[in-house]
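Enquirer: Structure in structure tokens, see below.
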Amino acid sequence: MQKSIAILWNIFFWPAFFHAQADTLKAPVLEEIVLTGTRPLKTLPWSVAVDTLRTLETYQQGVRNAFLRQPGILASNGENFAQDVRISVRGFGSRSAFGIRGVKIWMDGIPLTSPDGTTQLDEISIWDVQSIAFVRSGLSARFGNAAGGGIVLSSPAPLNHALLRSSVSAYGAYNFGARVGYGKDDARHITSVNHHSFRGKRQYAESQNTTLYHKSKLWLSPNWQLTLLAGAYHSPVGEDPGALTKAEFEENPFQSNSRSTQFRAGESVSGGMLALQSQRYLSSKLSWVSSAFLRKRLFEARLPFFAGGWVNLNRDFGGWHNTLEYTPVKNWVVSAGTTFDWQKDRRTLSQNKEGTRGLNSADQYERAFNGGAWVQIEWTKGIWRLQQVARLDLTRFRLEDLFLDDGDQQGKRTFYNRNIAWFATAALSKEVFCSAGVTSGFESPTLNELTNNPSGDAGLNAALNTEKSWQAEIRLHTPSGKKVEWTATVFYATLRNLIIGYELPSTPGRTYYRNAPQARRHGAELVARWHPNPSIDIEATYAASFFTYTSYTTGAVTYTGNRQPLIPAHRIGVRASTVLGKYVGASCQLLVQSSMFADDANQVLVGQFAECNAELSTTQSFSRKVR
């Protein structure tokens, strides 16, 4: 049962400060820039689901419940803000020891994922997220490195309004936020500031985060729209309670890991972002979308071990993306584009003397660059829509060693990748559509994974290589907007050089990485939704995931035939929401997850569990009545 009590300031205090009537835009509105530049979301060939967050979901300090509603997507570690939420899409991303790997994430069309394939969500407040789009298919043929799946976060439109809101929790957490939209005619703006202070049930599980986010939309002409985005964030506290053994959990499930408290494991982080998007129709047949962005991140972490357990990271990363879309003749659309992303990290490692910084053990510049060029061809006629995508990528990593006490350990790695995708969609009837596709994908090791050598050296790990995959899927689905909607998907994927995390007894708490030669993933995803009227919405989901190592031997130990860890074989979800009367809404979500293994050897089993969340909230009708 949801413990937080949401105090909706906009309901009780809104009229005293602002008049919040949203007005109609007078300027011409171009399509939002979502994923593929000028291509609207509904035309994407991949498995896409769009979820609009409800009011009280934003008071749960995260979007984990929205993630869990989607079959094939796992979200865990939601209350460990030092490690960040762990997200996996059909198994991609499950290897991450901290942060997000293997899944591409955007906020308002600007990537949060850096060129080396890592993503952190510290700079995003859940109160700035209005909707989420989930893409469960591989996206490398269109978006390059680390695109095993995609998540697109969108903030509210800059319409005239104002909002104050806060929440408190029985555990002492509190949140406060303010948002205002303003402007008229050809210039619209929205600015928000939010503060979140979290305390959980577990010991040593506290975080604080303050964010500032701004969006401006400018119409220079009926055919040219500019979007300016800017943000800043500061998170001075992010404690890491760590994992528990089975015996520790049975003794006290709310205690922290002893090493976490011993070494004061946690992090502090701050940074900012500036981005500019341009969307312009050059003619009736040609359009051009371009975006440029720059992000800054200052990060300090205390890891639960002595050698190299104190990390300081100064990161700059940015990019420039372009998309041209041309309609030469009827039924044909040709899109082409380029992406250039760069990343520069200054990383220093020091001893962690039980929460006190000790002597330096590494000081280095780490650089990553990803450049790609792609083309997408689409043909539509009658019941058929065919699409083909091809992309070339160059991914380069370079390390400059500034700590020479242990020798000069410069290094660089370069990866070239070619990826393709084919999709076909046919209307079997007015009520049922069939889509099928085959995609190839790749995921390079991250800078952290390459520099974290099991040999103890600071150089790049020459034995760690790019993970590559092929994925095929067939999907039957109904059109959206019906009272009854359903989607049934089956998929099959093969992987080679699968990147796997592991620990060594000599350095507990530190994760190293290696390649498993081959793996196989196959499964099914079902979604059924019934909304007989605007007041009732019922949805049921099911995911079956059977992921195994088909060839994996390290030393004298073989894991061939074992199940991939951290992926349950079965997940069932049921969600129901309704409006009670006119002014009160209620919803309930039930999740049942089967057991899963926690290690490659399949010796540690995590039991099955069920989770239920219930919510009660006022509706927009009540808000209007109060005003």
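Enquirer: Under 15 Å from the 7 Å Cα→Cβ point of LEU386, by amide nitrogen: which residues of the stretch 402-434?
Expert: 421-427
Enquirer: Taking a cut-off of 29 Å between Cα atoms, list the lysines near LYS201, but don't count ones fewer than 8 places away on the same chain.
Expert: LYS3, LYS246, LYS353
Enquirer: Then there's this: Can you compute the charge dipole magnitude of the chain about its Cα centre, using +1 on each Lys and Arg Cβ and -1 on each Asp and Glu Cβ, nothing else charged? Give it in debye, rounded to the nearest 20.
Expert: 1700
Enquirer: Read through the labelled values (i) 1.03; (ii) 0.95; (iii) 1.30 and report the label of the one computed as Rg/Rh (Cα atoms, Kirkwood Rh) from the structure.
Expert: (ii)
Enquirer: Obtain the nm distance between the two label points defined at VAL592 and PHE249 by a simple spin-label model: each point lies 7 Å from its Cα along the Cα-to-C-beta direction.
Expert: Here the answer is 2.0 nm between the modelled labels.
Enquirer: Taking the stretch 401-467, which GluC sites (Glu not before Pro) meet the DSSP loop condition and have no more than 15 other C-beta atoms within 10 Å?
Expert: Those satisfying the criteria are GLU431.
Enquirer: Still on this model: Give the residue list of trypsin sites (Lys or Arg not before Pro) in the stretch 364-439 that are DSSP loop and have at most 15 other beta-carbon atoms within 10 angstrom.
Expert: Within the stretch 364-439, the qualifying trypsin sites (Lys or Arg not before Pro) (loop, at most 15 other Cβ atoms within 10 Å) are LYS430.
Enquirer: List residues of the stretch 559-582, by number, whose backbone nitrogen lies under 11 Å from a label position 7 Å along Cα→C-beta of PHE415.
Expert: Answer for the stretch 559-582: none.
Enquirer: What FRET efficiency comes out for the pair GLU431/LEU394, r = Cβ-Cβ distance, R0 = 45 Å, nearest 0.05?
Expert: Details: r = 45 Å, r/R0 = 1.00.
The formula returns an efficiency of 0.50 here.
Enquirer: Once you sort the root eigenvalues of the Cα gyration tensor of the stretch 363-520 as a ≥ b ≥ c, which label holds: rounded (a/c under 1.5), prolate (a/b larger than b/c) or oblate (the other case)?
Expert: Here the stretch 363-520 falls in the prolate category.
Enquirer: Oh, and also: On a straight-distance basis, which lysines could pair with LYS381 in a cross-link, Cα separation under 29 angstrom, same-chain partners fewer than 8 positions away excluded?
Expert: LYS42, LYS285, LYS330, LYS430, LYS482, LYS483
Enquirer: Of LEU526, ASN417, CYS434, whose Cα points farthest to the positive end of the dipole of the chain (charges on the beta-carbon: +1 Lys, Arg; -1 Asp, Glu; origin at the Cα centre)?
Expert: Final value for the positive-end residue is CYS434.
Enquirer: Residue by residue through the stretch 232-242, what is 3J(HN,Hα) from phi via Karplus (6.51 cos²θ - 1.76 cosθ + 1.60, θ = phi - 60°)? Round to whole Hz and write x for glycine and proline.
Expert: Going residue by residue, I get 8, 8, 8, 10, x, 10, x, 7, 10, x, x Hz, with x marking Gly and Pro.
Enquirer: Moving on. Using a simple charge model, +1 on the beta-carbon of Lys and Arg, -1 on the beta-carbon of Asp and Glu, nothing else, what dipole does the stretch 447-495 show about its Cα centre, in debye to the nearest 20?
Expert: On the way: 4 positive and 5 negative charges, 88 e Å.
Dipole of the stretch 447-495, to the nearest 20 debye: 420 debye.
Enquirer: Choose one of VAL193, PRO236, TYR204: the residue whose Cα lies farthest towards the positive end of the charge dipole of the stretch 190-327 (beta-carbon charges +1 Lys, Arg; -1 Asp, Glu; about the Cα centre).
Expert: The one lying farthest along the dipole's positive direction is VAL193.
Enquirer: To continue, here is another question. What is the packing order of peptides 205-211, 285-291, 577-583, taking the mean over residues of other C-beta atoms within 10 Å and listing the highest first?
Expert: 205-211, 285-291, 577-583
Enquirer: Turning to a different aspect of this structure: Could you order peptides 478-487, 133-142, 518-527 by the average number of other Cβ atoms within 10 Å of their residues, highest first?
Expert: Listed from highest to lowest mean packing, they are 133-142, 518-527, 478-487.
Enquirer: In nm, to one decimal, how far is the modelled label at THR548 from the one at ALA373, with both set 7 Å along Cα→Cβ?
Expert: 4.3
Enquirer: Going toward the positive end of the dipole of the chain, with +1 on Lys and Arg Cβ and -1 on Asp and Glu Cβ, which of TRP310, GLY501, SER480 do you reach last?
Expert: SER480
Enquirer: Now, a different point. Is it possible to state the helix-based mean residue ellipticity at 222 nm for the chain, with each DSSP H run of 4+ residues giving -39500 (n - 2.57), the sum divided by total residues, to the nearest 500 deg cm²/dmol? What is it?
Expert: -1000 deg cm²/dmol
Enquirer: Could you provide, to the nearest whole Å², the per residue accessible area of the chain with probe 1.4 Å?
Expert: Averaged over the residues of the chain, the accessible area is 43 Å².
Enquirer: In whole percent, how big is the carbon plus sulfur part of the accessible area of the chain, probe 1.4 Å, protein atoms only?
Expert: So the carbon and sulfur contribution to the accessible surface is 60 percent.
Enquirer: Which lysines have a Cα lying under 19 Å from the Cα of LYS296, excluding residues fewer than 8 positions away in the same chain?
Expert: LYS104, LYS215, LYS344
The values are calculated or read from the model by the stated rules, or taken from the named source; none is laboratory data. Note that the coordinates shown come from a computational prediction; the quantities given were computed from them, not determined experimentally. With ideal geometry, Cβ positions are generated from the backbone for all residues, glycine too; neighbour counts draw on all protein chains shown. For the accessible areas, the whole protein counts, side chains as well, though only heavy atoms, and no ligand, DNA or RNA atoms are used. Shrake-Rupley method; radii C 1.70, N 1.55, O 1.52, S 1.80 Å.
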